[in-house]
Amino acid sequence: MNTVHPTLPLSEQIHARLTERLQPSALKVTDESAAHAGHAGANASGQGSHMRVSIASPLFAPLSRVQRHRLVYDALQDFIDQGLHALAIELI
């Protein structure tokens, strides 16, 4: 069940989604869009196009690095489909 509220800033929506799906023990979501103004994929608002996720989850324990990244991408696929241009993932 998706409990993300669409009126929240994208960084908060992503935080909520990852919390819901991956039960992280540590999670930080940073909107880095302003640093990419004028670059490909940037939007006029300067928000919501380039995100950085730092995450640790007990669900990652048996998985390879690639599989862990895939879980994060799969959890956020609809955000990517709706225009999230860049997603940097740091496994912590």
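So is residue 75 of a type outside the set (Val, Ile, Thr), at pLDDT below 90 and closer than 22 Å to residue 92 by Cβ or not? No. Set side by side, the residues 42, 35 differ, and just one is at pLDDT below 75 and either among the β-branched types (Val, Ile, Thr) or not in a loop (DSSP other than H, G, I, E, B) (or both), which is 35. Only residues that are touching a Lys or Arg at 6+ places or on another chain (Cβ under 9 Å) and either more than 14 Å from residue 24 (Cα to Cα) or assigned to a loop (DSSP other than H, G, I, E, B) (or both) were counted across region 65-85, and they come to 4. Considering every residue within region 23-32, establish whether at least one is at pLDDT below 95 and either assigned to a helix (DSSP H, G or I) or not polar (S, T, N, Q) (or both). Among the residues of region 23-32, at least one is at pLDDT below 95 and either assigned to a helix (DSSP H, G or I) or not polar (S, T, N, Q) (or both), which makes the answer yes.
The values are calculated or read from the model by the stated rules, or taken from the named source; none is laboratory data. The structure presented is a predicted model; accordingly, all values stated were derived computationally and were not measured. Don't worry about glycine lacking a Cβ; one is built from the backbone with ideal geometry, like all the others, and counts go over all protein chains shown.
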